[in-house]
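Engineer: Here it is, the structure, as structure tokens.
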Amino acid sequence: MVEIAVRPRGPYSLAISARLAGDATRRVHEGLLTARCGGAVARAWQSPDGTVTIRSESEEAAEKLRWVLALDDDHSEFLRRVADDPLLARTSRLLRGLRPVRTGTVAQALLRAVCGQLIDAKTARNLERRVIRALGSRDGHGTLADPPSTAALAAVAPFELRRLGLHERRGAAVVRLCRSLELERLHDLPTAAVVRRIERERGLGPWSAGVVCLEGLGRFEHGLVGDLGLVKLLRALRGRPAEGWETAELLEPYGEWAGLASVYLLAGFGRGLIPLPTARAA
């Protein structure tokens, strides 16, 4: 048994960060996050003093979960940057320990991005679970599946993904990209090059690239351009219909923190922490 105690760099709250992190590969219950990483199960919890303890039968799985939870990625500079931001000041104070939980593989982030093109987020997550469970090996209780590898997705025929519920064109894009590129190699490329490569694929765009960069690679600089939640936020801010491309304007002021700003904007908007014109008028 391997056990590591990690003092996160900068403000960090496992409870806030992992609140909606459950998927086919991990679950969260009463402060305990259990995840399947690289064929082994790892568990993490946070003590009152802020220390995050990770326990697993595999050192590799423990270190992987440490990366998935972004424990070493201090975002204090971002919090300083937005401390007086008209949109994010309150959110950054109340949710300062928030960091996006990452996927176990880049392939899972790609699958999430493609499934997430559905309008209904709940349906998208259920579809992702269904595909991963159909592809991955399970833990001893059959409840958690391994994050899908590039090879696993490359080996699936698009019609099989269609049978599981993924639109044929989207499924073809996943398989095509996985057959042409080992996605884990994207870790070695600059973010701009990653974005160009993903956007080159039919059926993928800036939002898909943002999901892969943020959740698959752990990069904070590329925003979730086109995210439907951000479109709704813009609509509320501007009092008129908004298009997906306009979200790039919303994220542009945050520069190299655009990806993390996307997460904070969505979290703040969902909790009613973003000051809106109607709220101010009231």
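Engineer: About the Cα centre, and with charges only on the beta carbon of Lys, Arg (+1) and Asp, Glu (-1), how big is the dipole of the stretch 22-90? Nearest 20 debye, please.
Structural biologist: Result for the stretch 22-90 is approximately 280 debye, rounded to the nearest 20.
Engineer: Which one, Phe269, Leu71, Trp257, projects farthest toward the positive side of the charge dipole computed for the chain from Cβ point charges (K/R +1, D/E -1)?
Structural biologist: Farthest along the dipole direction, towards plus: Phe269.
Engineer: Please state, to two decimals, what the Cα-based radius of gyration of the stretch 119-273 comes to when divided by 2.2 N^0.38 Å (N = residues).
Structural biologist: 1.12
Engineer: Would you please classify the overall shape of the stretch 57-149 from the alpha carbon gyration tensor, given that a ≥ b ≥ c denote the square roots of the eigenvalues, rounded means a/c under 1.5, and beyond that prolate means a/b larger than b/c while oblate covers the rest?
Structural biologist: Since a/c reaches 1.5 but b/c is at least a/b, the shape of the stretch 57-149 is classed as oblate.
Engineer: Which whole-number percent gives the relative contact order of the chain, counting Cα pairs below 8 Å spaced six or more residues apart?
Structural biologist: 17
Engineer: How big is the shadow of the Cα convex hull of the chain, averaged over all directions, in nm²?
Structural biologist: With the hull built on Cα positions only, its mean projection is 15.0 nm².
Engineer: Give me the net charge of Asn126's neighbourhood, meaning all other residues with Cβ under 11 Å from the Cβ of Asn126; Lys, Arg count +1, Asp, Glu -1.
Structural biologist: +2
Engineer: Then there's this: For Arg133 and Leu181 in one chain, what is 0.36 nm times their gap in residues minus the Cα-Cα distance, to one decimal in nm?
Structural biologist: Extending this stretch completely gives an extra 15.0 nm.
Engineer: Under 8 Å for C-alpha pairs, at least 6 residues apart: give me the relative contact order for the stretch 231-282, rounded to a whole percent.
Structural biologist: The normalised contact order for the stretch 231-282 reaches 32 percent.
Engineer: Now, a different point. Give me the dipole magnitude in Debye, nearest 20, for the stretch 142-266 about the Cα centre, with unit charges on the beta carbon: positive for Lys and Arg, negative for Asp and Glu.
Structural biologist: With Lys and Arg at +1 and Asp and Glu at -1, about 500 debye.
Engineer: Separate question: State the extension gain, in nm to one decimal, for the chain segment bounded by Arg271 and Trp245, taking 0.36 nm per residue of separation less the distance between their alpha-carbons.
Structural biologist: Full-extension gain reported as 7.0 nm.
Engineer: In a shell of Cβ-Cβ distance under 12 Å around Leu161, excluding Leu161 itself, what net charge do Lys and Arg (+1) and Asp and Glu (-1) give?
Structural biologist: +3
Engineer: 7 Å from Cα along Cα→Cβ at both Ala15 and Glu256: what's the point-to-point distance in nm?
Structural biologist: Label at Ala15, label at Glu256, 3.3 nm between them.
Engineer: For the residue pair Ala157 and Glu30, what label-to-label distance in nm results when each label sits 7 Å from Cα along the Cα-to-beta-carbon direction?
Structural biologist: About 4.7 nm, to one decimal.
Just so you know, all these numbers are worked out from the coordinates, no wet-lab data involved. None of the values given here were measured: they were computed from a predicted structure. Cβ coordinates were reconstructed from backbone atoms using ideal geometry, including for glycine residues, and neighbour counts include every protein chain displayed.
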